[in-house]
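Take a look at the structure below.
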């Protein structure tokens, strides 16, 4: 549990003042928010399921706040029991970690098995690794894709082909005269 | 006899050598009786996979020992695109996520965007939305019925189902212009009112679908061949279904009465009297029963909505000229789609474009659940199970 999770806890505390939804107790549409430190993520999820009976994970995803250099993990959980809503039946669980590619956090697949694929998607799209996920491979992008496309610093190009904005501009410059020649 | 493999199954990649995360594909494990497992790729191009899906199966003779689902062939970066489009522009785009239930997808998106932008939808528009959404659900279930029967080797029901589905599409065309993708919902309401021609057509369609459901039921439910192929096959228990994030008919067939329209009522669903069909065994047959019953419930809702539908009033709320959602706010709206619980999570940064949009797709979780259901099945039964799940890959891969 310790070891890989020693990412910049201090900077997070300093920036807490800016955290949009973090300052509120519920989201705009009324879901109660529970924010925890990243070290407590697995515990928080386990408590939500075992003590509060929130037995259904709707989705687990990440939001990349590039201005704060942090990755926010968001999980929407609720209780699926019967047709009626009972008391405290839904919650948003949040935690923040560094946005560096390869940052690690504990997997919650042991709490809700469905988290396995949601975490694979977060790894694929944001580059966050989940310790304890039984099958952490890319899920939507091809296996030899090198970037994590939903990050805000993702550049829309193929990094593994060596194509950059500069080479594209150069190619375009070279091709321009011949294209004009062929069309006229 | 020890038939369990000693190693964990990691499917061989389609393009060997390009594998950066898994390490090299593992070799075929040897069994104690000297035979070997057969590793086989079902798909990506296979008639039973309902799209472009690859099932990497490890077989012991005819029996599935292990299965890994490989998706991503239809990934078209919807969530990334969404970050560059304005809120009203996205409403027609979400149709394409689940291409069999476009209207229901629009419903989820519009609910999320409306709660973020704090728009009030006029009551009349809510009724129009519910009618169109339920017709869409009937259409989607009819397609499911046809293709499911086709998976089991019955060709004719496919044509029956498409005949009825065509009527639903005609209704879409009369109301919205589009057939498959009506693009009918707008933020704050719907695009236009029902034309006069719609009302007699919808009555006829509902009657026709109702009669044909009776026909399907008579042909299938007591048919010994069909029962033999589906009873006790592909069972998922209540606990597993919940843990694996199953919703919709998958969950209800396992005995959990969960329907977003009842559990977290949105729009005007709380006004209608309808049941949530459930079954006990969680097998292929029960999923079939639940879906057929759901078509009948949807017909009931449409009939009630047509009666209660207010003939006068606004159908579209005024959209402010400048969209200013609260900065840093997030919303999550979910609806009961034809396949299950479809959710839309939007984070705003105060501009007229989403900062982040996440689409919760039931098919995504159902494909994950397939990995747990499959071991122990025969290959032919695997096809039936995939058919009974009712996957739409456009939705799973977004």
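Data for the structure
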| item | result |
| --- | --- |
| Search result, residues across segment B:224-249 that are under 21 Å from residue A:112 (Cβ atoms) and touching a residue at least 24 places away in the same chain (Cβ under 8 Å) | B:235, B:236, B:237, B:238, B:240, B:241, B:244, B:245, B:246, B:247, B:248, B:249 |
| In segment A:70-85, residue modelled with the highest pLDDT [restricted to those that are touching a helix residue (DSSP H, G or I) at 6+ places or on another chain (Cβ under 7 Å) and facing chain B (nearest Cβ under 10 Å)] | A:80 |
| Subset of segment B:331-363 (residues that are facing chain A (nearest Cβ under 10 Å) and free of Cβ contacts under 8 Å to residues at least 40 places away in the same chain) | B:347, B:349, B:350, B:360 |
| Enumeration of residues in segment B:371-398 that are crowded, with 24+ Cβ neighbours inside 10 Å and within 13 Å of chain A (Cβ to nearest Cβ) | B:373, B:393, B:395, B:396, B:397, B:398 |
| One residue from B:324, B:307 being surrounded by fewer than 20 Cβ atoms within 10 Å (Cβ to Cβ) and in contact with a helix residue (DSSP H, G or I) (Cβ under 9 Å, 6 or more places away or on another chain) | B:324 |
| Pick from segment B:65-77, criterion closer than 14 Å to residue B:371 by Cα and in contact with a helix residue (DSSP H, G or I) (Cβ under 6 Å, 6 or more places away or on another chain), ranking: nearest to the other protein chains (Cβ to nearest Cβ) | B:71 |
| Output for segment A:28-69, where each listed residue is outside any helix (DSSP H, G or I), more than 10 Å from chain B (Cβ to nearest Cβ) and surrounded by fewer than 23 Cβ atoms within 10 Å (Cβ to Cβ) | A:32, A:34, A:35, A:36, A:37, A:51, A:52, A:53, A:69 |
| Checklist (1) within 12 Å of another protein chain (Cβ to nearest Cβ); (2) without any contact (Cβ under 8 Å) to a residue 40 or more places away in the chain; (3) not in a helix (DSSP H, G or I) applied to residue B:321, failing item | (1) |
| Output for segment B:205-233, where each listed residue is more than 17 Å from residue B:287 (Cα to Cα) and touching a helix residue (DSSP H, G or I) at 6+ places or on another chain (Cβ under 8 Å) | B:205, B:206, B:208, B:209, B:210, B:212, B:215 |
| Some residue of segment B:53-74 being modelled with pLDDT under 80 and either over 15 Å from residue A:135 (Cβ atoms) or buried (at least 16 other Cβ atoms within 10 Å of the Cβ) (or both) | no |
| Which numbered condition residue B:278 misses (of (1) assigned to a loop (DSSP other than H, G, I, E, B); (2) touching a helix residue (DSSP H, G or I) at 6+ places or on another chain (Cβ under 9 Å); (3) surrounded by fewer than 15 Cβ atoms within 10 Å (Cβ to Cβ)) | (3) |
| Any hit, segment B:361-369, residues being assigned to a loop (DSSP other than H, G, I, E, B) and crowded, with 23+ Cβ neighbours inside 10 Å | yes |
| Condition broken by residue B:80, with the remaining ones in (1) within 14 Å of chain A (Cβ to nearest Cβ); (2) in contact with a helix residue (DSSP H, G or I) (Cβ under 9 Å, 6 or more places away or on another chain); (3) part of a loop (DSSP other than H, G, I, E, B) satisfied | (3) |
| Unmet criterion (only one of (1) in contact with a helix residue (DSSP H, G or I) (Cβ under 9 Å, 6 or more places away or on another chain); (2) over 30 Å from residue B:255 (Cβ atoms); (3) surrounded by fewer than 22 Cβ atoms within 10 Å (Cβ to Cβ)) for residue A:100 | (1) |
| Segment B:249-275, residues that are more than 16 Å from the chain's Cα centre (by Cα), buried (at least 20 other Cβ atoms within 10 Å of the Cβ) and assigned to a helix (DSSP H, G or I) | B:263, B:269 |
| Positions within segment B:83-125 being out of contact with any helix residue (DSSP H, G or I) (no Cβ under 9 Å at 6 or more places or on another chain), more than 14 Å from chain A (Cβ to nearest Cβ) and in contact (Cβ under 8 Å) with a residue 12 or more places away in the chain, in sequence order | B:86, B:122, B:123, B:124, B:125 |
| Test for residue A:88: is it more than 8 Å from every other protein chain (Cβ to nearest Cβ), closer than 27 Å to residue B:81 by Cβ and at pLDDT below 90 | no |
| Residue within segment B:290-299 that is farther than 20 Å from residue A:56 by Cβ, out of contact with any helix residue (DSSP H, G or I) (no Cβ under 7 Å at 6 or more places or on another chain) and either away from every other protein chain (no Cβ under 14 Å) or modelled with pLDDT of 90 or more (or both) present | yes |
| Members of segment B:234-248 that are part of a loop (DSSP other than H, G, I, E, B), more than 11 Å from chain A (Cβ to nearest Cβ) and either touching a helix residue (DSSP H, G or I) at 6+ places or on another chain (Cβ under 6 Å) or buried (at least 24 other Cβ atoms within 10 Å of the Cβ) (or both) | B:234, B:236 |
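The values are calculated or read from the model by the stated rules, or taken from the named source; none is laboratory data. None of these values were measured; they are calculated from a predicted model. Note: ideal-geometry Cβ built from the backbone for every residue, glycine included; neighbour counts use all protein chains shown.
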